[in-house]
Amino acid sequence: MLFFLPHKSIHKIGFTATKKIGNAVKRNRAKRRLRALFCEHSQNLKSGTYIFVAKQSIIEVPHDDLEKDFQKVLFRSKAFLND
């Protein structure tokens, strides 16, 4: 899940994972995966505040499927520069 608030000069990013994901190891892995995807796509994103909320299935999903879902969420929120 993504919460995106566009701002022209603000760059803020937050990653969160609740205890529903699992223990601390699983929650940290989920946030690391989201951070890595954000770093890959950050140069193509608009300025603003991004809050990423990890869902339970993030632990088992392969990287390619996770990246497709990540891009789909960013596209729906109109966060890409070329929108």
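Bear in mind that the values in this text are calculations on the coordinates, not laboratory data. In this text the structure is predicted, and so the values were computed from the model without any measurement. With ideal geometry, Cβ positions are generated from the backbone for all residues, glycine too; neighbour counts draw on all protein chains shown.
Just to be sure I follow the definition: excluding the sites themselves, where is the longest run in the chain that has none of the trypsin sites (Lys or Arg not before Pro) in a DSSP loop with at most 11 other Cβ atoms within 10 Å?
Working: sites that count: Lys8, Lys19, Lys20, Lys78.
Free of exposed loop sites, the longest segment is 21-77.
Each residue of the range 8-15 in turn: what ³J(HN,Hα) in whole Hz from Karplus with 6.51, -1.76, 1.60 and θ = phi - 60°, glycine and Pro shown as x?
Karplus values, whole Hz, x for Gly and Pro: 6, 10, 9, 10, 10, 9, x, 10.
Given charges of +1 on the Cβ of Lys and Arg and -1 on the Cβ of Asp and Glu, with all other atoms neutral, how large is the dipole of the chain about its Cα centre, in debye to the nearest 20?
Dipole of the chain, to the nearest 20 debye: 420 debye.
Cα axis of helix 63-76 to longest principal axis of the chain: angle in degrees, 0 to 90, nearest 10?
40
Which residues' amide hydrogens lie under 5 Å from the amide hydrogen of Thr49, considering only partners 5 or more residues apart or on another chain, with H built in the peptide plane?
Leu5, His7, Lys12
Starting from the chain, pick out the GluC sites (Glu not before Pro) whose DSSP state is loop and whose Cβ has at most 10 other Cβ atoms within 10 Å. Before the final figure, lay out the partial values.
Values: sites: Glu40, Glu60, Glu67; in loops: Glu60.
Passing both the DSSP loop test and the Cβ count: Glu60.
Quick one: Debye curve from the alpha-carbon atoms of the chain only, equal weights, vacuum; give me log10 I(q)/I(0) at q = 0.20, 0.21 Å⁻¹ to two decimals.
With one equal scatterer per Cα and no solvent, log10 I(q)/I(0) is -0.88, -0.96.
Take the Cβ-Cβ distance between Lys20 and Lys78 as r, set R0 to 30 Å, and report the resulting FRET efficiency rounded to the nearest 0.05. If you can, show how the numbers build up before the last one.
Working: r = 28 Å, r/R0 = 0.94.
For Lys20 and Lys78, the calculated efficiency is 0.60.
Using a basic spin-label model with each label point 7 Å from the Cα along Cα→Cβ, how many nm lie between Gln71 and Gln43?
That separation, rounded to one decimal, is 1.6 nm.
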